[in-house]
Each structure stands twice: as C-alpha cells, then as structure tokens.
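J.: To start, I am sharing the structure in question, which I have written as structure tokens.
The values are calculated or read from the model by the stated rules, or taken from the named source; none is laboratory data. Fair warning: this is a prediction, and the values are worked out from it, not measured in the lab. When we count neighbours, we look across all protein chains shown, and the Cβ atoms used for this are built from the backbone with ideal geometry, even at glycine.
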Amino acid sequence: MTALDLSVFGIYLVGLLAMACVFVRLRTTREMFAAGGQSPWWLSGLSAFMTTFSAGTFVVWGGIAYRDGLVGVSLIAVLGISALMVGWLLAKRWKRFGYYSAAEFLHDRFGRSIVQFYTWLQGTLSMITMGGAVYALSVIVTALVPLPEGHLLVDDATGHLSVTVVSLVLCVVIIAITFSGGLWAVLVTDALQFIILTVSVLIVVPLIIHRVGGAEEFVTSAPDNFFSPVAGEFTWFFLAGWCLIFFFKMGGEWAYVQRFACVPSARDARKSSILFGLLYLVSPLIWMLPPMAYRLIDPNADHEQAYILACQLVLPAGVLGLTIAAMCSATASMVTTQLNVFAGAFTTELYRGAIRPSAGQRELVLAGRIITLLLGGLVIAGALLIPRLGTYTGFILSSMALLTGPFVLPTIWGLFSRKIGLGAAWSVTLLGTVVSMGVKIGATEGGFFERLGLLGPITELLQRNPRSTDIVVGIGFPLVLLLVAEFLYRKESPGWARVRRHREEYRQEAAVPSSPLPARLCALSTGLVALLLAILGVISAEDRLIIGLFSAVLFLISAAIFYFAHRLRPRSDDANRSGDAQTTKPETEQPSR
C-alpha cells in the first residue's frame, strides 16, 4: 500500500470512532446491549450479514475459492439458506418471548448455573478466538506494507509492517467502538462497512476479470472442475451439514439472537433474517470472483492471501486503502458484536446477579463499559499470544462443526420443548463437547483410536472423511441426547412456565418504534467517504476515472439513504410485537435518538 492508502486507512478508522461517539450518552443497559429495541429491521439484517463477515470471508472462504473454485461460493451460499430457515422458523419466536438477550432467556428457561457456565466459558473462548481473527487478518494486511530495514514499525523477520502493531491498533479501535456506543455503534458501523465493501468488490470484479483476459478466457483457462459446486472434502453431504450447522448457529448463538431482540417487533425480526439470507444467496459469486480470477494470474500464491492480493493488483491508490480499511472493519464488526454480547451477559448475570443486585441503570452501564474493557484485554491477548496451529481455515471449519451443537442446540430446543430442563442442558453441553473433542483427537493419525484394534475400520473411515465426521459428531450426538431427554421427561419444566409468563408480560408492554437516526448517520458517513474519494480523485493523476466512479456511486447511495430516511416514519402496525393483528397499549417511550 502507498502512503495515500495508509492515510485513507487511518482516516476511515478515526471516522468509525467518531460515529461510535454519537451514541456515547447511553442511559440504560437495554440501550447499550439491545439498542433499546429500536433498531430498524434493515439495520439488524445488514449487521447480522456483516457479523458473519470477518477474516473468515477473505482468508478462509477466499482461500478456498482460490484453491478449489466455485466450492468457495457454495460454502457461503448455504449460509443464505440457513438464514432464510431461521427467519421462517425461529426469528419471530425469539422476539415474541420478549427477551433482550439469549442469556436472559436461558436464565429463566434453565437456571443461572448454565448461563454462568456459558458466559464464562464461551465469553473467554470467544474473546481469545476473536483476537485470533484480528491476528489472522493483520498477517494478510501487513503483507501489503513493506518497510525499509531499521524502520520503527518494521518486523525484522518479514521486512513488512509489524503484525503486532496492526493487531494492537485494530484491537484498540474495536474496544473503543464498543465501549463508546454499545450495540448502536456496532449496528451503524456494520451498515457503513457493508456499503463500502459492496461498492469496492463491484469495482474489483470487472477489473480483475479484464486483467485475466475477459470472462471467456477466465472460464476456458480455469483448472479442471474449477466451476464445480463440490470438490474433495467439500461434498454434497458436507454442504447439507454445513447448512444445518449454520441454521443452529444463526438461530441460537447469542450474537444473532441479539439481532432479533434489538428490533421493535416479531415481524421486523423475521424481515431482518430474510434480508440477511437473501444477501447471502445473491452475493457469494460476486464476493468470491476476485480470488478465483487471481488463481489464473498467480497459481502459486498463498491461498489465504489471494483476496487481498487481487485487490492490490487492480485497485488504485486510495481506493485500495479504503477497501483494506473496510475489510479490517468487517473483522472488527464480528469482534465488536461478540464484545457487546458478552459484556452484556457479564453485566447482567455476574455484576447485577451476584455482586450488585440493587444496582441502578447508570451504574450498570458504567459496569458494562468496564467489563467491555476487561474483555477487550482478552481480545488483545488472543491477537498477541494465540499460536498458529495448522491453518486458520482448518481451525474455523473444525471448531464450528464440533462446538455449535453442544453449545447452541439446548438453547434452540428450549424455545419449543416444554419438558427438557437444566439437567438435559448440562448433559448435552458437557457430553456433547467431550465426545466431539474425543472423536476429533482420537481419530487423527496416530490418535488413540488406532491403538484399539476393533475400531480400525471405523478409524480409517473417519480419517478419510474428516469434515463429514466433524458434522455428524458435533451435531448428530447432541441431537440424539436431546431426543432421548424429550422422550424420558414426562412433566413440564418449571423453566417453561417462567418463559411463558414472561412472554405474556411482554405482550402487554408499550410499543417502541424504530429509530430513524441510523439511516441518517449511514447517509452522512457514506457521503463523507464519497467526498474523501472525490478529493483523492483530484489529487491523483492516475486512475482518476475509477476513483471518480467509486465516489459517484457512494454519493448516489448517500442521497438515496437520505431520501428514504426523510420519509421514514414510525408505523402503528410496527407496534405489534407478535406480528399479528392485536391491540397494544399507547406509546409511552419515544426513540432515544
């Protein structure tokens, strides 16, 4: 990257911080961790879409697309199917129960012990893992910034910008955004990142296709089976299992539940999930074309760097810096979401639940911000200390397949089942985790399964199909345990009565309309980015046409958002929390912004 790229990179990050500071005057934990239930459905959907983005999109899926072709598209497209299924089956149900976090629901449904276990274990592991994601993207970005020997920020081993420095900068920005503006800041910055990245990739695609000689040359020169939707370990069975994993992940993981909770009504929750799903159905081919085309340009590149290298090849100075900043921000989006979710869980379940039951809202907001800083320290620790065991791609694929079932399935099952209780939740979580990890470790080459003669044929089968094994064990075994528990339990769980009572109380609450402020902020920030690019176009003698086109598109998007934001008015039918025709109390709470 050039000095101009680095300048744009820095300006963009400062702008994100400024946007977060707009929401600094948060007054309640509901505002800080659930946006006061006032997020527009489209903002929630875009945020969920960007939350799934991270280093994984550019490093993991981009690397698979570079190496295996259309398989990278298939792996992302099934996420769209998963999100549509969640919208159809789960989103409205989550909102109708009226909880503002998954932790609150689990507390009533199963009890405090399982919530505290999930909070401590998942919170700690998630923060360290998020640090690993920051580190992984920092490695990719710094590959674009060579520095002279002896430079203050140079990594002597690589001759490039220090990974540690970039990781620390990104972590500080992430913590500051979440600390300042809570969920509101996360939602609005997600929307801006979506706009910038979408416009960026729409410019990269035709440029990279032109660089390889056009679409016809791209198709004819690609490796054999490059346009097959399945290949190698990524079989049709794996894709079906991957779709099921993400259905459970999006339907029960705390970060996604937060997106259902932060909108005004059950209908809005469904609409946000459907928007999320549609975006993942239509966008994967566009997103994955750059690394696929780069395979023809440099077939020997590091596959996990292919996405960044493709952008570097065709984007002009300034635009490249903005694109890289938005890519880093996409990873920041995932991390800020997890920070906000678990800061909320620690605040309500630990601080208010065990330390200060009588704490007022102002004190809880302050505690939430302090906890955000502490959890941010774990993110930094992960970014600095997490070892690179194997590849980041392998880690992501295996961890999702093995751990989604034990940690998420009891939550989703509890949304529907009247019978399972705390014992079943504990059994599925602990036994599911132990069995999943035991099979993963034991079935590896040289593992203890090989020393058990009777398991020889089974071990060989497991080793030949590692991805499918992860899915079957990680999802199948917890499902079997839950089915057995459902059959054995005869009485209704006390937790079901509590959540049913909470649902009835929630239906009587006053309506809260969505806030128009996020749309105005998105329009303003997009317009400022367009202005910055217009200035760059005047300064830069090269690629002025491309920079001007980029700027013009962003100006048009900004104007369109301003237009619709001006027309945005709270609707009375949005007050219906269940999505059905019913009468609610008159409004007693106005949008806080």
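J.: Being surrounded by 19 or more Cβ atoms within 10 Å (Cβ to Cβ) and over 30 Å from A343 (Cβ atoms) narrows it down to one of V212, V199, so name that one.
T.: Just one listed residue meets the conditions, V199.
J.: Follow-up. Of the residues that make up the stretch 107-119, is at least one within 23 Å of L384 (Cβ to Cβ) and among the hydroxyl-bearing types (S, T, Y)?
T.: no
J.: On the given criteria, is L309 hydrophobic (A, V, I, L, M, F, W, C) and surrounded by fewer than 21 Cβ atoms within 10 Å (Cβ to Cβ)?
T.: When the stated conditions are applied, L309 passes them.
J.: Next question. Does the stretch 230-239 contain at least one residue that is touching a residue at least 12 places away in the same chain (Cβ under 8 Å), among the acidic types (D, E) and buried (at least 16 other Cβ atoms within 10 Å of the Cβ)?
T.: no
J.: From the list T393, T411, which one is part of a helix (DSSP H, G or I) and modelled with pLDDT of 70 or more?
T.: Checking each option against the conditions leaves just T411.
J.: Now for a separate question. In the stretch 84-110, how many are among the aliphatic types (A, V, I, L, M) and farther than 23 Å from L278 by Cβ?
T.: The total comes to 3.
J.: Next question. Here is a list: L187, L207. Which entry is in contact (Cβ under 8 Å) with a residue 12 or more places away in the chain and surrounded by fewer than 21 Cβ atoms within 10 Å (Cβ to Cβ)?
T.: L207
J.: May I pose another question? Checking the condition without any contact (Cβ under 8 Å) to a residue 60 or more places away in the chain and out of contact with any strand residue (DSSP E or B) (no Cβ under 6 Å at 6 or more places or on another chain), which residue from V139, V115 passes?
T.: Every option except V139 fails the conditions.
J.: Consider only pairs whose beta carbons are under 6 Å apart and that are at least six residues apart or on different chains; among these, list those whose first residue lies in the stretch 330-358 and is crowded, with 24+ Cβ neighbours inside 10 Å and whose second residue is assigned to a helix (DSSP H, G or I) and among the charged types (D, E, K, R).
T.: Close Cβ pairs satisfying both conditions: S333/D190.
J.: Hey, which of the helices (runs of 4 or more DSSP H) in the stretch 256-372, taking only ones fully inside, have at least 1 residues that are among the hydroxyl-bearing types (S, T, Y) and under 22 Å from A191 (Cα atoms)?
T.: Fully inside the stretch 256-372 and qualifying: 266-282, 306-314, 319-345.
J.: Separate question: Tell me which residues, restricted to the stretch 119-136, are aromatic (F, W, Y) and under 15 Å from the mean Cα position of the chain (by Cα).
T.: none
J.: Do we have any residue at all in the stretch 129-152 that's of a type in the set (D, E, K, R) and within 25 Å of Y307 (Cβ to Cβ)?
T.: So far as the stretch 129-152 goes, no, none of its residues is of a type in the set (D, E, K, R) and within 25 Å of Y307 (Cβ to Cβ).
J.: I would also like to ask the following. From S540, S493, S572, which residue is modelled with pLDDT of 85 or more and more than 28 Å from the chain's Cα centre (by Cα)?
T.: Going through S540, S493, S572 in turn, the sole match is S493.
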